Amino acid sequence: MLLNLKPLNSFAIATMLGFSLLIFTCYIFFDFPSITTSPIPIPTSQTQSQTQSQLQFQFHPQSDPQPFQHLLNAFKNWDLKVGCVNFKQRNEGLVKKGGNLSSLQVGDGELQCGELKMEHVGVLIKGWTWIPDNLDNLYSCRCGLSCLWTKSSVLLDKPDALFFETTTPPSRRRTGDPLRVYMDLEAGRKRSGFEDIFISYHAKDDVQSTYAGGLFHNNRNYHLSPFKNNDTLVYWSSSRCLPQRNQLAKSILSLLPHHSFGKCLNNMGGLDMALSLYPECAKDPNASPQWWDHLHCAMSHYKFVLAIENTYTESYVTEKLFYALDSGAVPIYFGAPNVMDFVPPHSIIDGTKFKSMQELADYVKALANDPVAYAEYHAWRRCGVLGNYGYTRASSLDTLPCRLCEAISRRGGRDARAL
């Protein structure tokens, strides 16, 4: 028996060795994907992205430091050395329209009036929603369409559509019932499964709503300081202490002088300390402060604002970035890989485009000491070179009522056939 099994054992061993050799060969010559992913890429010395010196669109800081505090004086220097004519020439084609438009629903600008089946649309908001009450209004939209957007069934007892955000729409709709609209502006874009129209931040969904609108800025002190801190360069505030975001923030803030006002990595000795430094930022001196009511005013005292998204997701560009832009600071941004599709030309510093955090920090420090190069980041606003940003604002919550009513009208409202 033993002699009869030897040939079989030899064959089995040879087969196993051959199979192992095959696996080893595949491992060498084929690139298997990694099972680990990072929500937001953190620049390291091994990162293969373009470095600051390779980014042709950036205006490079000069080598001789010229510390400055007065923003308006920096603008005057930029006007003398660069000017809007040169800036527009460098961004030719982006003065009135942007580059890549696939991230925004710009096609809405080509609405054909004949597509509308209704002259008036009523939308009733159901349940609690993040949408502020002052969006309630009667709107005059394109093609003579009127749109009533309200949370009151007294004003709208027979709505053409019901709007849901934090509650689930009815599981069944019959012809003659209002259309069901569901909105999710979070990164996951989770549908309810029962909606007829879905709203998210992404252009691929039925109706897009970006975070760039002014309605996200209600109840704020909008006093903006013309003076920038010269010793403390970066503002950061976060009170949702996600481990990965904290790690990223710490890696860059450890290299730059900064103030951190939130619960995460706070170095100010407590919350709401911004009002101790900048009492003029108080919205109402007689009321208890809220974290949001002095946000823009406090940010405006800094040359840079660190803006880190919760997740690294295409088109998920939130108020964290737009707050910084509106405050007159330069955002240092980590988030959506296609962020440049949403912002004005040369308006933000994309932290993921640097080879390492040290390189990013060196660039920020050099920029802070060059008034002309720093002013370049504000040229889009002063020269009217918006690029895609005009479309970003046009696709925001501010314009959602009319754009949603147009979508409802195209479907016929209550007369739309039940699926």
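The values are calculated or read from the model by the stated rules, or taken from the named source; none is laboratory data. Since the structure is predicted, the reported quantities are computational estimates derived from the model, not experimental observations. Quick reminder, even Gly has a Cβ in these numbers, built from the backbone with ideal geometry, and neighbours come from all protein chains shown. Just the protein is used for accessible areas: all its heavy atoms, side chains included, with ligands, DNA and RNA removed. Shrake-Rupley method; radii C 1.70, N 1.55, O 1.52, S 1.80 Å.
Details
- Qualifying residue in the range 343-359 (condition: open to solvent by 10 Å² or more (accessible area, probe 1.4 Å) and in contact with a Lys or Arg (Cβ under 9 Å, 6 or more places away or on another chain)): yes
- Subset of the range 300-338 that is open to solvent by 10 Å² or more (accessible area, probe 1.4 Å) and of a type in the set (Val, Ile, Thr) - its residue that is modelled with the lowest pLDDT: THR311
- For the range 354-395, residues that are of a type in the set (Lys, Arg) and either closer than 25 Å to THR318 by Cβ or under 19 Å from the mean Cα position of the chain (by Cα) (or both) total 2.
- Once the range 377-404 is narrowed to residues that are β-branched (Val, Ile, Thr) and outside any loop (DSSP other than H, G, I, E, B), the residue that is farthest from GLY122 (Cα to Cα) is THR392.
- Condition met for HIS296 (open to solvent by 10 Å² or more (accessible area, probe 1.4 Å) and not in a strand (DSSP E or B)): no
- Test: residue in the range 250-261 that is assigned to a loop (DSSP other than H, G, I, E, B) and under 22 Å from the mean Cα position of the chain (by Cα): yes
Quick grid of which residues meet (1) touching a residue at least 60 places away in the same chain (Cβ under 8 Å); (2) under 24 Å from SER225 (Cα atoms):
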| site | (1), (2) |
| --- | --- |
| ASN286 | no, yes |
| HIS294 | yes, yes |
| SER300 | yes, yes |
| VAL305 | yes, yes |
| GLU309 | yes, no |
| GLY328 | yes, yes |
| GLY335 | yes, no |
| ILE349 | no, yes |
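- Where strands (runs of 3 or more DSSP E) sit wholly within the range 153-235, those with at least 3 residues that are within 26 Å of the chain's Cα centre (by Cα) and closer than 19 Å to ALA416 by Cα occupy 197-200.
- Boolean, LYS151 is at pLDDT 95 or above and exposed (fewer than 14 other Cβ atoms within 10 Å of the Cβ): no
- Extreme residue, farthest from ALA366 (Cα to Cα), among residues of the range 249-265 that are at pLDDT below 95 and open to solvent by 10 Å² or more (accessible area, probe 1.4 Å): LYS263
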